[in-house]
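Chemist: This is the structure I have questions about; it appears just below.
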Amino acid sequence: MDKEARVGFRILKNRNSALDAAEACTFHMEACGKLNAGVGDRPNRDEVQELDVIIIDAAIMRSGAMMAATGTQHPVSLARFAQVSHRMGPLEC
């Protein structure tokens, strides 16, 4: 997880938000395949890989979430999209 931490610190050093850093770190962890997240997630009893994620910006009290998302390796980015697109209402995937 050193790589993910370095990615996050680089983003913060460039004066981006903590939420940007958290998304980038999670994106890298989802891609590594060694964690129970993203490409490393375990399939359900039907052998389908369903991913759940939530991202929260506590500074503005806004969150975005995806539940049972399929066909994606990076649900954190879908949750972030839902978070910034909150005025559109619930998104269906």
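What follows draws every value from the coordinates through simple rules; no lab data is involved. Note that the structure is predicted; figures quoted are calculated from it, not measured. In this analysis, Cβ positions are derived from the backbone assuming ideal geometry, glycine residues included, and neighbour counts consider all displayed protein chains.
Chemist: Please report, ordered by residue number, every helix of the chain (full DSSP H runs) that is 20 Å or longer along its axis going by C-alpha atoms and whose mean Kyte-Doolittle hydropathy reaches -1.0.
Modeler: Once both thresholds are applied, what remains is 18-32.
Chemist: Another one. So if I take the alpha carbon set of the chain, get Rg, then get Rh from the Kirkwood formula, what is the Rg over Rh ratio?
Modeler: 1.00
Chemist: Under the rule that an exposed site lies in a DSSP loop and has at most 13 other Cβ atoms within 10 Å, name the longest stretch of the chain with no GluC sites (Glu not before Pro) of that kind, not counting the sites themselves.
Modeler: With a cap of 13 other Cβ atoms within 10 Å, the longest stretch comes to 1-46.
Chemist: Let me check against my output: what whole-number percent is the relative contact order of region 2-88, with C-alpha pairs under 8 Å and at least 6 apart?
Modeler: Taking the mean separation of contacting Cα pairs over the length of region 2-88, I get 21 percent.
Chemist: OK, next. What's the longest bit of the chain with no exposed trypsin sites (Lys or Arg not before Pro), using DSSP loop states and at most 13 other Cβ atoms within 10 Å as the test?
Modeler: Longest stretch, sites excluded: 46-93.
Chemist: Would you mind counting up the charge near E50? Only other residues with Cβ under 11 Å from its Cβ, with Lys and Arg at +1 and Asp and Glu at -1.
Modeler: -2
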